[in-house]
1. So between residue B:13 and residue B:77, what do we pick up on full extension, going 0.36 nm a residue minus the alpha carbon distance?
2. Using C-alpha positions alone, give me the convex hull volume of the protein assembly as shown per residue in cubic angstrom.
3. Would you jot down the residues in the range A:92-113 that end up with at least 20 Å² less accessible area in the complete protein assembly than in the chain alone, with a 1.4 Å probe?
4. Please report the carbon-and-sulfur percent of the accessible area for the range A:3-112; probe 1.4 Å, protein heavy atoms only, DNA, RNA and ligands left out.
5. May I ask you to give the solvent-accessible area per residue for the range B:1-76, in square angstrom, as obtained with a 1.4 angstrom probe?
6. Give the B-A buried accessible area in Å², both sides summed, 1.4 Å probe, nearest 100.
7. Averaged across B:31-37, how many Cβ atoms of other chains sit within 10 Å of each residue's Cβ atom?
8. Name the residues of the range A:49-63 whose accessible area falls by at least 40 Å² when all protein chains are present instead of the chain alone, probe 1.4 Å?
Amino acid sequence: AQTVTQSQPEMSVQEAETVTLSCTYDTSENNYYLFWYKQPPSRQMILVIRQEAYKQQNATENRFSVNFQKAAKSFSLKISDSQLGDTAMYFCAFITNDYKLSFGAGTTVTVRA
Amino acid sequence: DAGVTQSPTHLIKTRGQQVTLRCSPKSGHDTVSWYQQALGQGPQFIFQYYEEEERQRGNFPDRFSGHQFPNYSSELNVNALLLGDSALYLCASSLDRGGEKLFFGSGTQLSVL
């Protein structure tokens, strides 16, 4: 079975500070993609960042970066210089050759002014 | 360029009824996947349609069925609605079943009374 675990149900961060969200996953596949999605109150699922499992270099998108540890099956997201607009639910997910995207339970991030 | 569009945005049904949700994929995409997101949880994969056929299915009963049309749009049908079917239903589209670039619609919120 393919599972994703997000152990932090809620995180709070001061504006302009940094917050790190944790994620672990389990799969027997060797080729897969990892994602972090953001879901604001509008409930639109927005792709934040993507990582190919075969790439050792960690992905970065502006203020968002990941720490991908393949052997440990860990995929954390760091949000730097947090902004009020970052307040949302964040989901860790991955997809393998079966084309099924598996999601974690999510972490609610609240950015305080 | 229109993204993924879903209709209706909200729907209220009673137990035992049947419902049809609709999805138009992003222009150029030929694959549609459906996800169910219960309140406070991550989305769960229902099934995927490619070339007008169901190619992959998640752990959902036969009450959940779908269809893909020649223009790649898709419908999700749920029969004999249960209270537990209340959820946000998300449609995602991609090209050639590729999971590395999924685009999500804004979802249909289904409430079963």
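The values are calculated or read from the model by the stated rules, or taken from the named source; none is laboratory data. In this text the structure is predicted, and so the values were computed from the model without any measurement. In this analysis, Cβ positions are derived from the backbone assuming ideal geometry, glycine residues included, and neighbour counts consider all displayed protein chains. Each accessible area value is taken on the protein alone, full model and side chains, heavy atoms only, with ligands, DNA and RNA left out. Shrake-Rupley method; radii C 1.70, N 1.55, O 1.52, S 1.80 Å.
1. Net length gain for the segment: 21.7 nm.
2. Dividing the Cα hull volume of the protein assembly as shown by its residue count gives 125 Å³.
3. A:95, A:98, A:99, A:100, A:101, A:103, A:105
4. 45
5. Result: 52 Å² per residue.
6. 1800
7. 2
8. Listed by number, the residues meeting the 40 Å² cut-off are A:50.
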